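One structure is given here, and the rest of the page talks about it.
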Amino acid sequence: MKQNTMNNVKSKADGKKNSEVFASCSFSSLGLHPTLCDQLKERLSFEGPTQVQAEAIPVVLSGRHLLVNAATGTGKTVAYLAPVIHQLQNINPRIQRSDGTFALVLVPTRELCMQVYEILVKLLHRFHWIVPGYIMGGENRSKEKARLRKGVSILVATPGRLLDHLKNTSSFLHTNLRWIIFDEADRILELGFGKDIEQILNILGTKQDKSVSKENATSNIPEVLKQNLLLSATLNEKVNHLAKISLENPVMIGLDEKKMQHVNHDHSVSVGSDVFDRLGESAKGMSASTEEYNLPSQLVQRYIKVPCGSRLVVLLSILKHLFERETSQKIVVFFSTCDAVDFHYSLVSKFEWPPILQSEAEVRKMFLGCKTLRLHGNMNHEDRKTTFQTFKTEKSALLLSTDVSARGLDFPKVRCIIQYDSPGEATEFVHRVGRTARLGEKGESLIFLQPVEIDYLKDLEKHGVMLTEYPLLKLLDSFPLHRLKLPIKKLLSVEMHPWVLSLQKALESLISTESTLKNLAKNAFRSWVRAYTAHRGELKQIFMVKKLHLGHVAKSFALKEQPSVVNKSFQKQIKKRRRDEKHKVHFKKIRVAKS
Ligand SMILES: Nc1ncnc2c1ncn2[C@@H]1O[C@H](COP(=O)(O)OP(=O)(O)OP(=O)(O)O)[C@@H](O)[C@H]1O
């Protein structure tokens, strides 16, 4: 019957968006309880399942371990929450708080933890005996302990805090645990939680650990084998390792023919025990920087070639243009460091236009008349929470963020993603742009590249990501130049464009008069340079520190001069590197001469 349901999962013919994202079946045809189907509709406004949900739900209901590799924004959260809730509400007599935790959802970040918890609360509205809960870094430990003592049926957790409670909270009952779900598994591992996860699995018992549940299960709970689920938008060797240690003969979903070229099975069909070896081979090939990513086809992807010194002016101009074109919209701009987020946030919140009033009729307004928010890992926990909630609910806002927002976060109706600082690894590029064009919605993405960084496009092409160029000069020409003296000659360069010149001048004059802003700019400059030097592997050949003109970098923080302290130490580093390189060549020559 379940196989039939899966076979019936066909694309809807009505429109590209629907046929690519949604399945043609209903939630109830997948075997979910009618009350749960009602909740999906009433609380979340989900009319029917997405493709991933239609494939995953029957598998989870069947009790099999599962590995899902699907594009960003395809509905993975409900794909695991709904069937787990279905199974829990089905236990007769009803489970109680005192039975402890049955399902554990592991997520990489606090924001994702809250996001999953919120969906959980909505879905459990009519199942009051199933208790949702979360534990995560930054929260009050004693309050968490108290909640765990009372009992949490489905617990969403970040790995570090979970491990802490597993070791130190003796009243945390997890002997009835059946499901361990790794959401955004790739990110959990990238953030360095690999060791924590291994310890967690050691404490909780991996795979089919019957003995633990038999011994300890409360009398009314029928014994069920453990079932683990792993969801990841990208695959690599680390994810494969986690799959190997946590999953037993899993069903795989979303591994297309290209990715599974060594695995000659149907994608949603279970595979044999050597699947990990084959997946491993496949993952190895992919991690050699050739994995092709699945990006939403409706996503408009462009790059903008900007000389370093004009970056800030161009960023502000684009934002102004976008918010004037469509007053109600949400945009996320990604930066490489927390300091850069702080600086740009303060700048945008202070910068007025026009900078000097020339007639009494003129009024000064904020340059960007939009609500602006910031999010990064150095902010305090409460502020992070508030930003996250606000950006979620606002109809129109600008979010300036580090990669803390790049993974898994579901901000509805984000129209545009701007990668002002390059993401480095192509995987990160995909996750950042994945915050828009979710579930068939419209979306555009724009990445800033300096002329010397343009080879990054080739790196993206290797992953099947093709970008077209943004018409920058056309945009600059569209700004009113009546207050500016136009050169008569045709405008050829971005740097010499009168709009760019006048905006740069206004920004520099603001920074030079506001000491707080100036300090923020200097800090941002320093950490930006440090982050630039941190590019790894092949990317070092593209993002070359040697090619940076520090005076132009300073200009991109509206600083008239490059901060001297940094310059000295940085120059020292460069000199040292050059010296080392010279020595290497010298010794090589000596060796060659000797041989
Ligand atoms: N069946 C559905 N019908 C309508 N909307 C849905 C459905 N399932 C999920 N959504 C919505 O789609 C968006 C993406 O869902 P979700 O965050 O679960 O995706 P994801 O695959 O986990 O994304 P990411 O990989 O970025 O974490 C959310 O706004 C969610 O509310």
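Going through (1) within 11 Å of the ligand (Cβ to nearest atom); (2) surrounded by fewer than 24 Cβ atoms within 10 Å (Cβ to Cβ); (3) touching a residue at least 12 places away in the same chain (Cβ under 8 Å) one by one, residue 45 falls short only on (3). If I filter segment 56-72 down to residues being polar (S, T, N, Q) and within 14 Å of the ligand (Cβ to nearest atom), which single residue comes out as nearest to residue 180 (Cα to Cα)? Out of the qualifying residues, it is 69. Against the test of being within 28 Å of the chain's Cα centre (by Cα) and either touching a residue at least 24 places away in the same chain (Cβ under 8 Å) or away from the ligand (no atom under 15 Å from the Cβ) (or both), the options 75, 31 yield a single qualifying residue, 75.
Summed over segment 396-455, residues that are under 16 Å from residue 303 (Cβ atoms), of a type in the set (Asp, Glu) and touching an Asp or Glu at 6+ places or on another chain (Cβ under 7 Å) total 1. Between 61, 88, 36, 81, the distinction of being part of a helix (DSSP H, G or I), touching a Gly at 6+ places or on another chain (Cβ under 8 Å) and either in contact (Cβ under 8 Å) with a residue 40 or more places away in the chain or over 19 Å from residue 186 (Cα atoms) (or both) belongs to 61 only.
Condition check for residue 314 on (1) surrounded by 20 or more Cβ atoms within 10 Å (Cβ to Cβ); (2) without any contact (Cβ under 8 Å) to a residue 12 or more places away in the chain: one failure, at (2). Listed by first and then second residue, the pairs with beta-carbon distance under 8 Å, at least 6 apart or on different chains, first residue in segment 421-446 and under 19 Å from residue 234 (Cα atoms) and of a type in the set (Val, Ile, Thr), second more than 14 Å from the ligand (Cβ to nearest atom) and assigned to a loop (DSSP other than H, G, I, E, B), are 427/236; 427/291; 430/463; 430/465.
Consider segment 103-116 and keep the residues that are at pLDDT 95 or above and more than 13 Å from the ligand (Cβ to nearest atom). The one that is surrounded by the most Cβ atoms within 10 Å (Cβ to Cβ) is 103. The listed residues are 424, 408, and the only one of them that is at pLDDT below 90, closer than 30 Å to residue 158 by Cα, surrounded by 22 or more Cβ atoms within 10 Å (Cβ to Cβ) and within 14 Å of the chain's Cα centre (by Cα) turns out to be 408.
A count restricted to segment 409-426 and to residues that are in a loop (DSSP other than H, G, I, E, B) and either within 16 Å of the ligand (Cβ to nearest atom) or of a type in the set (D, E, K, R) (or both) stands at 8. Screening 85, 130, 135 for residues that are in contact with an Asp or Glu (Cβ under 8 Å, 6 or more places away or on another chain), away from the ligand (no atom under 14 Å from the Cβ) and β-branched (Val, Ile, Thr) leaves exactly one candidate, 135. Check segment 443-451 and report whether any residue there is within 16 Å of the ligand (Cβ to nearest atom), surrounded by 14 or more Cβ atoms within 10 Å (Cβ to Cβ) and within 24 Å of residue 342 (Cβ to Cβ). Yes. Looking only at segment 453-463, decide whether some residue is at pLDDT 90 or above, in a helix (DSSP H, G or I), β-branched (Val, Ile, Thr) and farther than 30 Å from residue 75 by Cβ. No; the residues of segment 453-463 include none that is at pLDDT 90 or above, in a helix (DSSP H, G or I), β-branched (Val, Ile, Thr) and farther than 30 Å from residue 75 by Cβ. Pairs are defined by a Cβ separation below 8 Å, a sequence spacing of at least 6 or placement on different chains, a first member in segment 113-130 that is farther than 22 Å from residue 183 by Cα, and a second member that is of a type in the set (A, V, I, L, M); the pairs so defined are 127/36; 127/85; 127/88; 129/95. Condition first: among the small types (Gly, Ala, Ser) and closer than 29 Å to residue 232 by Cα. Can you find one or more residues in segment 365-376 that meet it? Scanning segment 365-376, I find no residue that is among the small types (Gly, Ala, Ser) and closer than 29 Å to residue 232 by Cα, so the answer is no. For the criterion of being at pLDDT 90 or above, out of contact with any His (no Cβ under 7 Å at 6 or more places or on another chain), within 21 Å of residue 339 (Cβ to Cβ) and surrounded by fewer than 19 Cβ atoms within 10 Å (Cβ to Cβ), residue 393 fails.
The values are calculated or read from the model by the stated rules, or taken from the named source; none is laboratory data. What you are looking at is a predicted structure, and each value in this text was computed from that prediction instead of being measured. Neighbour counts run over all protein chains shown; Cβ positions are idealised from the backbone, glycine included.
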